[in-house]
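Below is one structure, written out as structure tokens; the observations come after it.
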Amino acid sequence: MKELICSTDKTLIQCKSECFECKYHIRDRRITERRKKIGFRFLERREDFDRRKTNQKSSNFFTNFIHKEAVRLRKNQGLLAIIIIVFNFLNLGDYIFTTKALAAGLTEINPVMNSLLATNPTLALAFKLISGSVVSFLMWRFRKNRKMIVLSLSVFFCYIILNFYHIFNAIFIY
């Protein structure tokens, strides 16, 4: 039987008798099974974007720029979708420029792509497109996480630099 508590004087004195018809007798909720369960509940509701201002400003321009853009991309998901689409086009451009450079006699530095291009260029294209699609899916799936947006922007800027490198080589070398 559950413990009953008298609630007449707001001191919650334990009842001596069992009078169920008395309106001042309530069940003691402090000793119920709910309190005896051991479990973990993650109550954090924030999604890695802390709105509180901190005094820890980085002196690095790139870090400050990436953090501001991550906050902006979290709010504007259409812009993030455009970045993901452009990332896929840059990925395809990287493959096209790489095949042109290999035809001109240059070598591939990436060992995975080098072995795939040596065996079958179509297999290399499929690997490039599938890996780009997986990365795009992960970018979109975890778009509310600041660290994922920062990582996505870093990969995006690396692909931009890589494509500029390929364009520079296409103009001056082959």
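Bear in mind that the values in this text are calculations on the coordinates, not laboratory data. Just so it is clear, the structure is predicted and the values come from calculations on it, not from any experiment.
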Once you sort the root eigenvalues of the Cα gyration tensor of the range 105-174 as a ≥ b ≥ c, which label holds: rounded (a/c under 1.5), prolate (a/b larger than b/c) or oblate (the other case)? oblate
With x for Gly and Pro, the residue-by-residue ³J(HN,Hα) of the range 140-145, computed from phi through the Karplus equation 6.51 cos²θ - 1.76 cosθ + 1.60 at θ = phi - 60° and given in whole Hz, is 6, 5, 9, 5, 8, 8
